[in-house]
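> Please see the structure below; I have some questions.
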Amino acid sequence: MDKKEVSEIRKAVTSYGIISKLCGCYVNHEKRKLLVYKNLFAALEEKEENRYTSLIRKSLSGKIDGSLFNLDLVKAAREKLPMYELLRRLNDSALSDDSVIDEFYDAIIERFPYGENYLIFLVNSAYDVPGKASDGSELEDASDYIHRFINIIICPVKLSKEGLFYNEDKNNIETRMTDWVVGDPLSAMMFPSFNERYTDDHELLLYLKKDDSAVAELLKNMFDCSVPLSAKKQKAAVTELLEETIAGKCSPETVTDIYGELGRRADCEEDYKKNITGEELKNILSDSGVPEEVLSGFEKSYEEKLSGNEKIPAENLINRKAVIIKTGNVEIKAEPEIASDIEERTIDGRKYLLIPVSEYIKINDVRTKL
């Protein structure tokens, strides 16, 4: 799924009333079911419906390959995975078969090594996909077919803090007792995916709030696959890879050129250019002037640090706000557009950084005389 398809599903789920059923299972830290429930979504009270809708919306938020990932079930040998067949049965039954739902809860509980209380809740949706005119506008009365899918959302349940609160009914400040509160999703899945505006049961859309060892173990146990790295960890891994590969072997201009090319790739209109493979990253380094002998072990290092991340969005590897330059105890923060104007120069045998000066210089926000 791309960002347009995710946006379309998110809008349909939260605005068009396409959810029909909701069911949930509250599990404690000892893996014991404390509550199992099932409702028609339309029968919920407004506040309760809004809260569930908010959680669903969060589970469909973020950037592709940032907090949302397309998980290829074919690549994960789906035919050999009972979890894949269980997902299909769950979706095909439209959450009407209690035995399938219970089997799914048990499968999650068995495979999820989470040491705290949590809630698993499932919703069933049927999206009457509108057709599109040649100009891309939706034709509301020209539906192609119905996309039927489920959202599986896992949320932590934690004790709220005790404190004071304002009781509006009594117009009084009172003590608020602790309650078990459902938090924002740890992880979520949408199955089947919605690719090119058609149902694709070879894939699911995975949501990860953050890197979590318990969630990683759950995905490994469910689909025999690794958790994709978050955008933050992708950037950290590539930074570490570059540091190990080219540290002390390339000029500042070379490193600036590398990040300049990553920035250009991130701004490319063609989506396929925005995502970078290990081979393409190596080519960017080579084209920027990194000697071939320096890149001899690059492929192996890339695989070690970014296994399972065949393509990385260039957007995840750059800092749009600033380029950080450090030397000794000095740190310089420059806007990316002018970073290439900073030069390394040797004067009287000592190396300096030359920084172009504009109409003023400030020290501790105090303007000085030029």
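> Just to be sure I understand, if you calculate Cα Rg over 2.2 N^0.38 Å for this structure, which of (i) 1.01; (ii) 1.23; (iii) 1.10 do you get?
From the options (i) 1.01; (ii) 1.23; (iii) 1.10, the structure gives (ii).
> What is the Cα centroid distance between the range 194-232 and the range 158-191, reported in whole angstrom?
Distance between centres, Cα-based: 29 Å.
> Over 18 Å between Cα atoms, which of LYS58/LYS273; LYS210/LYS282; LYS11/LYS58; LYS326/LYS351 qualify?
From LYS58/LYS273; LYS210/LYS282; LYS11/LYS58; LYS326/LYS351, over 18 Å: LYS58/LYS273; LYS210/LYS282.
> Kindly identify the range 232-317 as rounded, prolate or oblate by the Cα gyration tensor criterion: order the square roots of the eigenvalues as a ≥ b ≥ c, call it rounded if a/c is under 1.5, otherwise compare a/b with b/c, prolate if a/b is larger, else oblate.
Judged from the Cα gyration tensor, the range 232-317 comes out oblate (a/c at least 1.5, b/c at or above a/b).
> Right, here's the next one. Can you bin the range 265-312 into rounded, prolate or oblate? Criterion: square roots of the alpha carbon gyration tensor eigenvalues sorted a ≥ b ≥ c, rounded for a/c under 1.5, prolate for a/b above b/c, oblate for the rest.
Numbers: a/c = 3.78, a/b = 1.30, b/c = 2.92.
Oblate is the answer for the range 265-312, as a/c is 1.5 or above yet b/c matches or exceeds a/b.
> Quick one: if you stick a label point 7 Å off each Cα along the C-beta vector at THR239 and LEU295, how many nm between them?
About 2.3 nm separates the two model spin labels.
> In the neighborhood of SER358, defined by Cβ-to-Cβ distances under 13 Å, what is the net charge if each Lys or Arg adds +1 and each Asp or Glu adds -1?
Within the 13 Å Cβ shell, the charges total -2.
> By its C-alpha gyration tensor, with a ≥ b ≥ c as the square roots of the eigenvalues, how is the range 239-370 shaped: rounded for a/c under 1.5, else prolate for a/b larger than b/c, else oblate?
prolate
> Quick one: length gained pulling ASP102 to HIS202 fully straight, 0.36 nm per residue minus the C-alpha distance?
33.6 nm
> Sum up the charges of everything whose Cβ sits under 11 Å from the Cβ of ARG57, counting Lys and Arg as +1 and Asp and Glu as -1, but leave ARG57 out. Please report the intermediate quantities before stating the final value.
Details: positive: ARG10, LYS11, ARG51, LYS58; negative: ASP184.
Local charge sum for ARG57: +3.
> Can you put SER67, SER286 in order, fewest other beta carbons within 10 Å first? Present the calculation step by step, with values, prior to reporting the outcome.
On the way: SER67 22, SER286 14.
In order of increasing Cβ crowding within 10 Å: SER286, SER67.
> Then there's this: I need the semi-axes of the equivalent ellipsoid of the range 166-242: take the C-alpha gyration tensor, multiply each eigenvalue by 5, square-root it, list largest first in whole angstrom.
Numbers: eigenvalues 282, 89, 38 Å².
Sorted largest first and rounded, they come to 38, 21, 14 Å.
> What GluC sites (Glu not before Pro) in the range 1-98 are in a loop by DSSP, with at most 11 other Cβ atoms within 10 Å of the Cβ? Intermediate values should be presented prior to the final figure.
Numbers: sites: GLU5, GLU8, GLU30, GLU45, GLU46, GLU48, GLU49, GLU79, GLU85; in loops: GLU30, GLU45.
Counting only loop positions with at most 11 other Cβ atoms within 10 Å, the GluC sites (Glu not before Pro) in the range 1-98 are GLU30, GLU45.
> Give me the distance in nm between label points sitting 7 Å out from Cα along the Cα-to-Cβ direction at ASP348 and THR327, one decimal.
1.5
> In cubic angstrom, how much convex hull volume per residue do the alpha carbon atoms of the range 141-273 span? Intermediate values should be presented prior to the final figure.
Details: hull volume 38.4 nm³, N = 133.
Dividing the Cα hull volume of the range 141-273 by its residue count gives 289 Å³.
Every number here is computed from the coordinates shown, using simple stated rules; none is lab data. Predicted model, so just to flag it, every value in this text is computed and none were measured. Neighbour counts run over all protein chains shown; Cβ positions are idealised from the backbone, glycine included.
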